[in-house]
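Below is one structure, written out as structure tokens, with a few remarks after it.
The values are calculated or read from the model by the stated rules, or taken from the named source; none is laboratory data. Predicted model, so just to flag it, every value in this text is computed and none were measured. Here Cβ is always computed from backbone atoms with ideal geometry, including for glycine, and neighbour counts include all displayed protein chains. Note: areas computed on protein heavy atoms with side chains; ligands, DNA, RNA excluded. Shrake-Rupley method; radii C 1.70, N 1.55, O 1.52, S 1.80 Å.
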Amino acid sequence: MKTINYLLLVSIFSLASVAQADSAPYCWLLNTAMPGHGDTQLQLFDFNEQADQEANHRKKNKNRLVSGTASFDIITTPPFQHHTRLVIGSSTTVSDKIEISLHASEAENVPNSAQKRLWSGTYHLILDANTLNGIFLLRASEDNPQQTFNGEATFTQCE
């Protein structure tokens, strides 16, 4: 199992670094309004059209590979905790909406232990193609698969 987790993380890092080298990032604040949980900053690469050639290719193929990070803070648990999840997935343009589906993973500390485990989940965003604002859904695949978080996705400048 450790080998599979390691290979998964290496694959994600590899794909994320390739996509990040080709474009400037796009960022959103994801607000779930959870007490003690800061907004998540979602930063994605390879999302924009940088040249006319890419724009023509995009008209023919509306699916794009995207990768990046989802970072957030938990402030109610001493000590203050910062989390960064790696995300990889695809974006699809449908009419005037952009749909983004992402797989997320993060190495987490196991409570009361020196062990780590791999957290995984999914982010789904539906954005207005003109404003890039919209809604999102977050679902953890292991902790409690029935528990979901949703809220507003606000396009913002990357920090």
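Overview of values
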item	result
Check on Phe72, open to solvent by 30 Å² or more (accessible area, probe 1.4 Å) and closer than 23 Å to Gly36 by Cα	no
Any hit, the stretch 137-153, residues being closer than 23 Å to Gly38 by Cβ and of a type in the set (Lys, Arg)	yes
The stretch 98-116: number of residues that are surrounded by 13 or more Cβ atoms within 10 Å (Cβ to Cβ) and not hydroxyl-bearing (Ser, Thr, Tyr)	9
Subset tally (residues that are open to solvent by less than 50 Å² (accessible area, probe 1.4 Å), of a type in the set (S, T, N, Q) and at pLDDT 95 or above) for the stretch 120-155	0
Condition met for Thr84 (touching an Asp or Glu at 6+ places or on another chain (Cβ under 9 Å) and either open to solvent by 30 Å² or more (accessible area, probe 1.4 Å) or not in a strand (DSSP E or B) (or both))	yes
Residue list for the stretch 79-96, restricted to those being farther than 15 Å from Thr69 by Cα and either modelled with pLDDT of 95 or more or hydrophobic (A, V, I, L, M, F, W, C) (or both)	Phe80, Val94
Test: residue in the stretch 46-57 that is farther than 15 Å from Ser105 by Cα, surrounded by fewer than 12 Cβ atoms within 10 Å (Cβ to Cβ) and at pLDDT 75 or above	no
Boolean, Thr76 is of a type outside the set (Asp, Glu), out of contact with any helix residue (DSSP H, G or I) (no Cβ under 8 Å at 6 or more places or on another chain) and not in a strand (DSSP E or B)	yes
